[in-house]
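Report on the following structure.
We did not get these values from a lab; they are worked out from the coordinates using the rules stated. Note that the structure is predicted; figures quoted are calculated from it, not measured. Neighbour counts run over all protein chains shown; Cβ positions are idealised from the backbone, glycine included.
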Amino acid sequence: MKIGYWLAAAVAAACCAPLSYALSFSRAKSITRSNFIQSTASAIFFSDIVASSPACAADKDKMQQNPRYIENEVQMKYGDDSKGNPRTRGVLVRRFTGDSTPYSFPTSPVSLVKEWPESPPFTQKDFFRADEGDDENFYTLPRLVYHIDEPAVASLTQYYRANIKPGSSILDICSSWVSHYPLEFKDNMKRISATGMNPLELMANDQLTDYEARNLNINPALPYEDNSFDVVTCVVSIDYLIKPIESLKEVHRVLKPGGKVIISQSNRCFPSKAISMWLNMNDRQHLELINGYLQYAGFGKAQAYDITASVPGERFNDPMFIVEVTK
């Protein structure tokens with residue numbers, strides 16, 4: 001099944017008319033392509049389907065508890081025809097849970113050695129982007145896809161499981177339809193909040209307690225009280241911020257004393273929306289830059305880690321890096 005093509009068709013069709021923001025969730029018993037596409041559920045409809053895989057099939061009980069994939073049925077309403085009947089497109093999207101994979105997850109410290117001057121050395125040119133158009137227009141249509149591969153997602157999920165305590169209050173900034181948290185976080189965390197560009201994507205994120213659509217490039221202020229969160233995460237998005245220090249000052253404000261920020265980064269991006277300074281750096285320089293941002297935002301020196309997954313028989317999967325610091 002070529003899920004990407006189905007999604008592309010839905011998104012292309014959605015360009016013709018405004019999207020509705022209604023959303024509902026339910027458990028599907030069975031699904032076929034024909035009755036899926038012909039379904040007339042309003043706006044966007046999600047239903048979870050556990051997908052089997054060779055890595056999971058050997059242990060059925062474990063698969064049921066920790067599936068490798070969860071596939072969602074999505075029905076998108078993008079307008080009405082001349083008679084008032086809804087026009088819809090159906091897609092299937094696959095969520096990586098990060099569990100029951102054949103990967104291993106080494107963690108290697110990365111030394112941060114750059115000494116940053118007292119004042120930020122950045123210029124306006126450093127934050128120039130090839131596409132300076134309205135970010136809200138760029139992100140209007142939901143992208144229910146992954147921007148990093150499954151091993152990178154799984155390595156981040158496992159890192160979160162090992163480094164975020166149960167009962168924590170978490171904020172995910174620059175969030176989307178997935179936050180890459182372990183499945184159990186929905187039940188064993190006190191709160192999971194999020195901000196992100198697209199409200200439809202945030203609606204689809206079933207791990208969230210609450211969310212607010214927000215463009216941090218226009219308004220970096222976070223809609224939360226001081227000292228609200230134990231952990232703030234940001235996944236492969238710091239490179240899109242044109243006011244990163246202001247945004248991270250807000251992260252510092254909403255973190256509790258002793259709370260930590262976990263910024264993850266790979267080598268993937270939308271080049272037209274990433275800042276020019278980022279595009280001219282390598283992976284190591286990206287980690288140093290994030291450390292600089294954090295220091296100018298009021299944090300101490302950060303710790304960096306290479307958590308790239310080890311994949312049997314594969315040498316070129318996406319890298320994954322962490323920059324972490326405590327308030």
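T209 sits among other residues whose Cβ lies under 9 Å from its own Cβ, and their net charge, with Lys and Arg +1 and Asp and Glu -1, is +2. Near A152, once Lys and Arg are set to +1 and Asp and Glu to -1 for all other residues with Cβ below 11 Å from its Cβ, the sum equals -2. Please sort by residue number the GluC sites (Glu not before Pro) in region 177-266 whose DSSP state is loop and whose Cβ has at most 15 other Cβ atoms within 10 Å. Qualifying residues, ordered by number: E184, E225.
Label-to-label distance, Q303 versus D81, with points set 7 angstrom from Cα along the beta-carbon direction: 6.0 nm. Give the shape of region 69-165 as rounded, prolate or oblate, defined through the alpha-carbon gyration tensor: a ≥ b ≥ c are the square roots of its eigenvalues, a/c under 1.5 means rounded, and otherwise the shape is prolate if a/b is larger than b/c and oblate if not. Here region 69-165 falls in the oblate category. Using 0.36 nm per residue, how much length does the chain from F138 to D226 gain when fully extended, once their Cα-Cα distance is taken away? Between F138 and D226, full extension yields 28.6 nm more.
Among the trypsin sites (Lys or Arg not before Pro) within region 95-180, those in coil by DSSP and having at most 13 neighbouring Cβ atoms inside 10 Å are K114. Annotation note: trypsin sites (Lys or Arg not before Pro) in region 184-239 located in DSSP loop regions with a Cβ neighbour count of at most 15 within 10 Å are K190. Place a point 7 Å from Cα of F316 in the direction of its Cβ. Which residues in region 133-171 have their backbone N less than 19 Å from it? Within reach of a label on F316, which here means backbone N under 19 Å from a point 7 Å along Cα→Cβ, region 133-171 contributes 147-153.
Classify region 107-266 from the C-alpha gyration tensor, please: rounded if a/c falls under 1.5, else prolate or oblate depending on whether a/b exceeds b/c. Judged from the Cα gyration tensor, region 107-266 comes out rounded (a/c under 1.5).
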